[in-house]
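Student: Could you have a look at this structure, given as structure tokens, before my questions?
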Amino acid sequence: MRFSLLIGAVAATISISGTGHTQDQAGEDWPICGYGKRITCVVDGDTFWMQGQKYRVYGVDAPEAGEGARCEKERKKAEEATRLLQYVLQSSGLKFTTHGTDRYGRTLVSVRANQGDAEVALIKSNLAVPYEGGRRDPMQWCR
């Protein structure tokens with residue numbers, strides 16, 4: 001039920017147009033990343049790989065997935081955030097706008113599709129918080 005509501009939030013989010021790179025990856029399979037070689041897959045709610053390059057969604061911080069989660073509540077939120085980002089990436093009209101790189105070398109990118117802006121959808125769904133770099137509260141998802 002919650003996932004259906006999240007999809008509705010994405011569909012209701014207003015798309016912001018801007019300069020960017022339109023991808024023909026829309027509608028293609030974006031699996032959740034495993035432990036093997038990563039080509040095109042979703043790591044968590046704010047990180048994904050596309051054509052062998054790692055990207056971080058610009059302007060948000062989502063809960064850590066898998067072993068990076070600090071509690072069960074964070075792990076569950078991370079699963080929802082991951083599925084929401086996966087849904088957006090599999091949508092039509094996919095457009096990316098780059099914003100440089102982060103301290104780990106990931107390309108920072110805004111993600112937009114016909115259904116809306118991934119960053120806005122994640123924040124409105126309480127699956128991410130605004131992030132401008134720097135330190136964050138490591139236990140924020142466990143309270």
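Student: Distance in nm between label sites at residue 114 and residue 140, each 7 Å beyond Cα in the beta-carbon direction?
Tutor: Simple spin-label model gives 3.3 nm for this pair.
Student: What lysines does residue 73 reach when the alpha-carbon gap must be under 17 Å and sequence neighbours fewer than 8 apart in one chain are set aside?
Tutor: none
Student: From zero up to wherever the largest Cα-Cα distance of the range 61-143 sits, split into 5 Å bins and tell me the percent of pairs in each.
Tutor: The distribution over the range 61-143 is 3, 14, 22, 24, 22, 11, 4, 0, given as percents.
Student: So, by mean Cβ neighbours within 10 angstrom, what's the order for 37-44, 118-125 with the highest one leading? Don't jump to the answer; show the numbers that get you there.
Tutor: Values: 37-44: 17.9, 118-125: 24.0.
Ranking, from highest mean packing down: 118-125, 37-44.
Student: Above 18 Å lies some portion of the pair distances; for the range 22-117, what is it as a whole percent of all C-alpha pairs? Mind dumping the intermediate values first?
Tutor: Numbers: 1952 of 4560 pairs.
The answer is 43 percent, as a whole percent.
None of the figures in this text is laboratory data; all of them are computed from the coordinates on show. Please read all numbers here as calculations on a predicted model, not as lab measurements. Cβ sites come from the backbone with ideal geometry, for glycine too, and all protein chains shown count toward neighbours.
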